[in-house]
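See below for the structure under consideration.
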Amino acid sequence: METSMDGFWGVGSEGKINEVNETYCKMSGYNKSELLSLKVMNLEALECPEEIAARVKKIFAGGDDRFESAHRRKDGTIFPVEVSIQYRKIRDGRLAVFIRDISGRKKGEEENRKLQEQLAQAQKMEVVGRLAGGVAHDFNNMLSIILGYTELIKDECKEEEQLNGLLAIEKAALHSRDIARQLLAFSRKQLITPKVLDINHVISDAQKMVSRLMGEDILLELNLAPHIGPVMLDPAQIDQIILNLAANARDAMTNGGRMIFTTKNFQGDSTFFMEHPEITPGKYVLLQAEDSGMGIDAGTMKHIFEPFFTTKEVGKGTGLGLATVYGIVKQNNGHILVSSELGKGTIFSIYFPQHIDEQATIFIEKKFNPTLFGQGTILVVEDEQPLRKLIVTMLEKIGYTVLTSSSTEEAIEIFSREKNQIDLLVSDVVMPGINGIDLQKILLSKKPALKTLFISGFPVEVMASKGLTDATIPFLLKPFTMASLAEKIKEILK
Ligand SMILES: Nc1ncnc2c1ncn2[C@@H]1O[C@H](COP(=O)(O)OP(=O)(O)O)[C@@H](O)[C@H]1O
Ligand SMILES: [Mg+2]
């Protein structure tokens with residue numbers, strides 16, 4: 001009994017515990033002598049004395065029972081248990097009670113339930129999104145026709161009364177178009193032009209507009225992390241998010257209050273990602289919108305992201321604000337979480353994946369070894385403009401004179417003109433038209449002393465298949481640092 005996996009009590013008349021094993025002591029945090037001075041009702045956390053009495057009576061009559069309940073530990077915390085009881089008619093009659101701590105099982109069940117709920121929620125949003133997207137798409141097309149013809153007829157309309165009618169049609173159609181647009185955003189069908197940006201800039205730019213929207217009774221604060229990671233987003237979409245969240249915060253703070261926009265770099269720990277299995281571990285930029293408003297109750301919370309769900313009176317809310325935000329966040333592979341306390345306020349947390357740019361990894365190092373500075377003229381041939389620009393910037397920084405061309409054909413032309421002063425060819429290998437390797441051959445026939453450095457995103461093995469078989473030809477794999485580029489060139493030109 002002592003070493004049993006289950007806790008054990010021997011319970012006498014009036015619920016007094018007169019026997020207990022070590023396992024239950026561990027479970028409850030009491031020692032043996034403490035437990036032997038207690039009664040069942042001192043440990044039972046769910047049932048009241050009357051219920052316990054009724055249960056005991058039943059067991060005395062019927063023999064045994066098995067049920068789930070919860071017990072209170074010495075430190076006051078409560079843990080779930082499964083109890084099985086047998087009536088033993090020994091001495092004055094007593095109950096043998098076996099108690100199993102089922103915290104682990106309960107936790108598993110709870111996690112399972114949460115996952116199921118999340119899945120169901122995601123599926124619901126998916127279905128509603130597809131429906132809304134389809135409707136909005138058709139609507140948009142029809143509204144284009146309505147607006148187009150209204151405009152045409154308006155131009156030819158002479159009668160004032162008719163003109164007023166047309167203007168009313170136009171206004172209604174424009175309003176409908178706005179709604180259709182929000183629905184398109186929700187269903188992630190909005191056409192967007194994302195770019196790599198600093199979210200802090202966008203928020204700062206929107207500050208004026210937001211504070212006007214909030215009115216004078218609400219204090220707007222920005223709390224922006226100084227070195228925020230880049231994100232790949234359409235700035236117009238961030239504006240949409242901020243405005244919608246701000247409008248909601250305003251409506252939740254009818255007597256004034258405080259709204260704070262915060263940005264942070266976020267990496268999360270294993271606990272965070274365990275609790276939010278839908279979020280892939282990685283680097284995020286976190287945008288939080290916090291208000292000191294009335295908060296959101298649990299019933300409302302389940303629906304806030306659904307299109308057309310609103311708790312506001314007719315004419316005040318469309319129920320499209322958070323649906324739009326949700327759609328935008330999802331369209332950009334982000335996540336949104338909400339926490340709220342009634343009467344205290346609400347925090348929306350939006351996680352955008354940090355943008356990891358391949359070219360950004362060709363970073364310009366802060367500490368640069370001055371012995372790597374060099375002199376000479378370099379012809380850079382690279383068909384990708386941003387990369388070309390970056391290489392030129394790097395080379396000029398370390399002292400070289402640079403000529404550039406975006407194609408091999410142009411490079412040949414420049415070389416014919418400037419071949420006397422060009423010391424080094426830095427060329428991409430795979431390019432449209434003549435490739436880098438053939439270019440080198442052509443230029444070498446014009447100037448045998450010319451040195452070459454090939455750069456490529458493909459590893460050497462792939463280059464070999466392109467004809468770069470001479471392993472002695474210097475080669476640099478993209479992405480590279482300024483230091484490695486400088487070093488390589490120093491080596492070639494020495
Ligand atoms: N900051 C907030 N504080 C309290 N409730 C909010 C907040 N943001 C949204 N809600 C709730 O979510 C609902 C849906 O919001 P939304 O989609 O923007 O539609 P609308 O603002 O038109 O009602 C609101 O009606 C409101 O009940
Ligand atoms: Mg709203």
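No value in this document is a laboratory result; all are computed from the given coordinates. All values derive from a computational prediction rather than experimental measurement. Don't worry about glycine lacking a Cβ; one is built from the backbone with ideal geometry, like all the others, and counts go over all protein chains shown.
Computed values, structure above
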| read-out | value |
| --- | --- |
| Region 43-103, relative contact order in percent, only Cα pairs under 8 angstrom and at least six apart counted | 28 |
| Set of aspartates and glutamates with alpha-carbon distance to K107 below 13 Å, sequence-local pairs under 8 removed | E275 |
| Extended-chain gain in nm, criterion 0.36 nm per residue less alpha-carbon gap, D64 and S211 | 46.1 nm |
| Tilt relative to the chain, helix 235-252 - C-alpha long axis, 0 to 90 degrees, to 10 | 30 |
| Convex hull per residue volume in Å³, alpha carbons only, for region 107-186 | 72 |
| Amide H contacts under 5 Å for D65, placed H, 5+ residues apart | I85 |
| Spatially proximal aspartates and glutamates relative to K195 (Cα-Cα < 13 Å; intrachain offsets below 8 disregarded) | D234, D357 |
| Residue-span extension gain [K490 to I169] - 0.36 nm each, minus C-alpha spacing | 108.4 nm |
| Derived scalar couplings ³J(HN,Hα) [region 385-394; Karplus, 6.51 cos²θ - 1.76 cosθ + 1.60; whole Hz; x for Gly, Pro] | 4, x, 5, 4, 4, 5, 4, 4, 4, 4 |
| About the Cα centre, charge dipole magnitude for the chain (Lys/Arg +1, Asp/Glu -1 at Cβ), debye | 1220 |
| Residues with amide H under 5 Å from that of L476, placed H, sequence gap 5 or more | F454, I455, S456 |
| Tail weight of P(r) past 33 Å, computed on alpha-carbon pairs of the chain, percent | 65 |
| Spatially proximal lysines relative to K16 (Cα-Cα < 27 Å; intrachain offsets below 8 disregarded) | K26, K32, K39, K57, K58, K74, K89 |
| Column: log10 I(q)/I(0), Debye, Cα scatterers of region 195-353, q = 0.10 Å⁻¹ | -0.34 |
| Neighbour-count order for I145, I52, I489, fewest beta carbons within 10 angstrom listed first | I145, I52, I489 |
| Cβ-based exposure ranking for R188, R212, in which fewest neighbours within 10 Å come first | R212, R188 |
| FRET efficiency, 1/(1 + (r/R0)^6) with R0 45 Å, evaluated for K389 and D178 via beta carbons | 0.70 |
| Percent RCO, i.e. relative contact order, over the chain, from Cα pairs under 8 Å lying at least 6 residues apart | 8 |
| Stretchable slack from D155 to I473, in nm (0.36 nm times residue separation minus alpha-carbon distance) | 107.5 nm |
| Using a Förster distance of 35 Å, the FRET efficiency for E22-E117 (Cβ separation, nearest 0.05) | 0.35 |
| Over 31 Å between alpha carbons, listed pairs K114/K189; K114/K344; K330/K397 | K330/K397 |
